[in-house]
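Single-structure report; data block below.
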Amino acid sequence: LRPSIYQKVFFTYIEYDTTLKGDNSININVLKNKEVILVTGIANSAPLVSYLHSEGVILKHLEYSDHHNFTDKDLEEIKTIQSNNKVVLTTEKDYVRIFEKLNNLYYLPIETKFINRKSDFDNIIKKYVEQSSRNS
């Protein structure tokens, strides 16, 4: 990286929550005793799949392209494999798009964490917002 003098570089990573959200909340450990159907429509699902495997989750992955527009046929396919012992898990982004169309659907929240210098980043954003507010 060769940032210009006016640019700042910050390094972050994604941290997965251990509580799945949906109609109710369940701990990720519950997935070890369930059949998990992972439904993703994101560019790179490998980190999520890797994380779930590291937590001992065995899953069947229905992988769609990034920004996939879930069709009725897609949703019917998901519904046909749902049962009492199966949990359908998706990303928060996809959950928002399909939660009204599926029952017993969960997502795994993520949080962006700074490796260092979070307060520097926060200060840059605050200054920008303050200056923009004064200019408008």
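Of note:
- Taken over region 63-109, the criterion of being within 18 Å of the chain's Cα centre (by Cα), assigned to a loop (DSSP other than H, G, I, E, B) and of a type in the set (Ser, Thr, Tyr) is satisfied by Tyr64, Ser65, Thr91.
- Here Lys113 fulfils each of the conditions (1) farther than 30 Å from Ile125 by Cβ; (2) modelled with pLDDT of 90 or more apart from (1).
- Residue match in region 110-128 (condition: more than 30 Å from Val9 (Cα to Cα), assigned to a helix (DSSP H, G or I) and open to solvent by less than 90 Å² (accessible area, probe 1.4 Å)): no
- For Ser45, the conditions (1) more than 17 Å from the chain's Cα centre (by Cα); (2) open to solvent by less than 40 Å² (accessible area, probe 1.4 Å); (3) not aliphatic (A, V, I, L, M) are fulfilled apart from (1).
- Scan region 93-136 for residues that are of a type in the set (Asp, Glu) and either touching an Asp or Glu at 6+ places or on another chain (Cβ under 8 Å) or closer than 15 Å to Asp23 by Cβ (or both) and the total you get is 2.
- Looking across region 1-60, the residues that are within 29 Å of Ile124 (Cα to Cα) and either part of a helix (DSSP H, G or I) or among the hydrophobic types (A, V, I, L, M, F, W, C) (or both) come down to Leu1, Ile5, Val9, Phe10, Phe11, Ile14.
- Of the set (1) aliphatic (A, V, I, L, M); (2) surrounded by 12 or more Cβ atoms within 10 Å (Cβ to Cβ); (3) out of contact with any Leu (no Cβ under 6 Å at 6 or more places or on another chain), all apply to Val88 but (3).
- Cβ-Cβ distances below 8 Å connect the following pairs, each with a first residue in region 109-136 that is basic (Lys, Arg), a second residue that is part of a strand (DSSP E or B) and open to solvent by less than 90 Å² (accessible area, probe 1.4 Å), and a separation of six or more residues or different chains: Lys113/Thr12; Lys113/Glu15.
Every residue, every condition in (1) open to solvent by less than 50 Å² (accessible area, probe 1.4 Å); (2) touching a Pro at 6+ places or on another chain (Cβ under 6 Å); (3) at pLDDT below 90, yes or no:
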site	(1), (2), (3)
Lys8	no, no, no
Leu20	yes, no, no
Lys32	no, no, yes
Ser50	no, no, no
Val57	yes, no, no
Ser65	no, no, yes
Asp74	yes, no, yes
Leu102	yes, no, yes
Tyr107	yes, no, no
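The values are calculated or read from the model by the stated rules, or taken from the named source; none is laboratory data. Every value quoted in this text rests on a predicted model; they were computed, and no experiment measured them. Please note: Cβ atoms are built from the backbone with ideal geometry, for glycine as well, and neighbour counts cover all protein chains shown. Quick note on the areas: whole protein, heavy atoms, side chains included, nothing else; ligands and nucleic acids left out. Shrake-Rupley method; radii C 1.70, N 1.55, O 1.52, S 1.80 Å.
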